Amino acid sequence: MFKCTRGDVGAAQKFDPAAPCKLMIFFTYPGVIALRRHRIAHKLYLKGLKNIARFIAYGTRKKTGIDIHPAAQIGRCVFIDHGMGLVIGETAVVGDHCVLYHGVTLGANTFEKVDRHPKLGQGVIVYAGAKIIGPIHIGDHSIVGANSVVIKDAPAYSKLKGVPAHHFS
């Protein structure tokens, strides 16, 4: 878990030109705080301590404005920039080295108890306000433009924008 947190701090330094020292990032960046707390909640969730995990997730949402379900799978070296209003659903997967901005939703399109949230490959960047909805896959190193709504799979290295999202170059 410490390696993941160190990687998240490193990602903040890499992707935020205004990033201060590592200690300030660790203690003051809402995305880093939310990811650190999520990793604890996720481990508890997997051990069957789901109520405790949900309380941690609730506290994290109150503190940071970032709502990550404790069952969501999040890779290493992830950067959540600003983060307010970001939502990551129960069955969502975020790959290593992804960047998510504020207002992003990785949401469901059904209330059924099935795999219903998006899967992001490695190195995906999702800009502010984008919504990725349903059990779809966004391929490695793809970019989702601000305020886009993605409802279909996208291959690696895709560039998506619009409502509904379409490919652009």
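Listed here are the residues, each with its yes/no results for (1) crowded, with 19+ Cβ neighbours inside 10 Å; (2) touching a residue at least 24 places away in the same chain (Cβ under 8 Å).
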site	(1), (2)
Lys14	no, yes
Phe26	no, no
Pro30	yes, yes
Lys50	no, no
Thr60	yes, yes
Residue count for the stretch 87-141, restricted to those that are under 15 Å from Gln73 (Cβ atoms) and charged (D, E, K, R):
5
Criterion first (out of contact with any strand residue (DSSP E or B) (no Cβ under 8 Å at 6 or more places or on another chain), more than 18 Å from Ile68 (Cα to Cα) and among the small types (Gly, Ala, Ser)) does Gly123 satisfy it?
yes
Can you tell me which residue is nearest to Val99 (Cα to Cα) among those in the stretch 16-36 that are in a helix (DSSP H, G or I) and within 15 Å of the chain's Cα centre (by Cα)?
Gly31
Within the bounds of the stretch 72-85, is there any residue that is outside any loop (DSSP other than H, G, I, E, B), touching a residue at least 24 places away in the same chain (Cβ under 8 Å), β-branched (Val, Ile, Thr) and within 18 Å of Ala12 (Cβ to Cβ)?
yes
Subset of the stretch 157-167, residues exposed (fewer than 14 other Cβ atoms within 10 Å of the Cβ) and not in a strand (DSSP E or B), comes to Tyr157, Gly162, Val163, Pro164
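Could you list, in sequence order, the residues of the stretch 131-147 that are touching a Lys or Arg at 6+ places or on another chain (Cβ under 9 Å) and within 17 Å of Cys98 (Cα to Cα)?
Looking only at the stretch 131-147, we keep the residues that are touching a Lys or Arg at 6+ places or on another chain (Cβ under 9 Å), and these are 134-138, 142-147.
Correct list: Ile136, His137, Ile138, Ser142, Ile143, Val144, Gly145, Ala146.
Hey, could you check the stretch 110-149 for residues that are in contact with an Asp or Glu (Cβ under 6 Å, 6 or more places away or on another chain) and part of a loop (DSSP other than H, G, I, E, B) and say which is nearest to Lys14 (Cα to Cα)? Step through it out loud before you land on a result.
Residues of the stretch 110-149 that are in contact with an Asp or Glu (Cβ under 6 Å, 6 or more places away or on another chain), as a first pass: 121-123, 135-137.
Filter once more, keeping what is part of a loop (DSSP other than H, G, I, E, B): 121-123, 135-136.
Working: Gly121: 19, Gln122: 16, Gly123: 13, Pro135: 30, Ile136: 28 Å.
This residue is Gly123.
Any read-out appearing in this document is the output of simple, stated calculations on the displayed coordinates, not a laboratory observation. Quantities reported herein were computed from a predicted structural model and do not represent experimental measurements. Cβ atoms come from the backbone with ideal geometry, glycine included; neighbour counts cover every protein chain shown.
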